[in-house]
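The values are calculated or read from the model by the stated rules, or taken from the named source; none is laboratory data. Bear in mind the structure is a predicted one, so any value in this text is a computation, not a measurement. Positions of Cβ are backbone-derived with ideal geometry, glycine not excepted, and every protein chain shown enters the neighbour counts. All accessible areas refer to the heavy atoms of the entire protein, side chains included, with ligands and DNA or RNA removed. Shrake-Rupley method; radii C 1.70, N 1.55, O 1.52, S 1.80 Å.
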Amino acid sequence: MLATDNNVAFSLQARAVEILEQTLKDSYVEVRKANEIEANIASEAESLTDFLHDSDSRTFCVLAASFLEDVLRRCLTNYWSLKSSKSQQDYFGSNGPLSTFSQRILVCVGLGWITHEQAINATNLRKIRNEFAHNHLIHNLTDQRLSKFVDSLHPYDKIWLKIAEYETAYAALPLEETLRMRFYCNAFNVSGGVLARAKLLGSGIPASFRPGGGFDNLTEIEQRFGNYMIRFCFRTAGVPFRD
């Protein structure tokens, strides 16, 4: 009798898991498409990317990191409904709890909008940005004074080395160019990730939930930012990229 009861319990539990999984999949389909704030930010990201290609490294890093900082602000503004001028001033003003880049990173980590690895990358981006902004002697990412921050960034620029044409072109690039690619990819990876995770959690879906593996099962905003990363690296390397 006990065995039968256990079998029934396991069967009911398995069915409950199936129902939950299907419910999450159905909800995911509804929210994976880019919403208005994501579409606006993606459009700005595309325009910024075009500008960054021809920028010196100081301008490049200041703008790319500042873009990420603004994405964090806009996520917090949208999902915490901080849209009135008073709320904006209270939270993002000079004495507000979200006035600095580091504070925004910390809060987004606490909310589950940024992973531990992304938080480390974002913090290093912030530190590099600040060095460029406040130290007139630093002009390039290859500067030894930046090495401890640059070396800690995730090497997203190496993801496509398995493609022979990209590998050959990548190997011929100056170190400064590959580091710019790395900086860009880290800034855009965190930007796309925080937008996706904030929306999923706000919709009652676990931040890490995807209905399967691979690019096709990412949210639309993650796909867009992923494509920006690929295009930027391939363009920098001089390799044609086709969607």
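Residues that are of a type in the set (S, T, N, Q) and at pLDDT 60 or above were ranked within region 1-42; the one that is farthest from the chain's Cα centre (by Cα) is Thr4. Among the helices (runs of 4 or more DSSP H) confined to region 75-162, the ones with at least 3 residues that are surrounded by 18 or more Cβ atoms within 10 Å (Cβ to Cβ) and touching a residue at least 60 places away in the same chain (Cβ under 8 Å) are located at 116-134.
Just to be sure before I move on: is Glu46 closer than 25 Å to Cys185 by Cβ, open to solvent by 50 Å² or more (accessible area, probe 1.4 Å) and part of a helix (DSSP H, G or I) in the structure I sent? In short, yes.
The residue of region 163-180 that is surrounded by the most Cβ atoms within 10 Å (Cβ to Cβ), among those that are β-branched (Val, Ile, Thr) and closer than 17 Å to Phe232 by Cβ, is Thr178.
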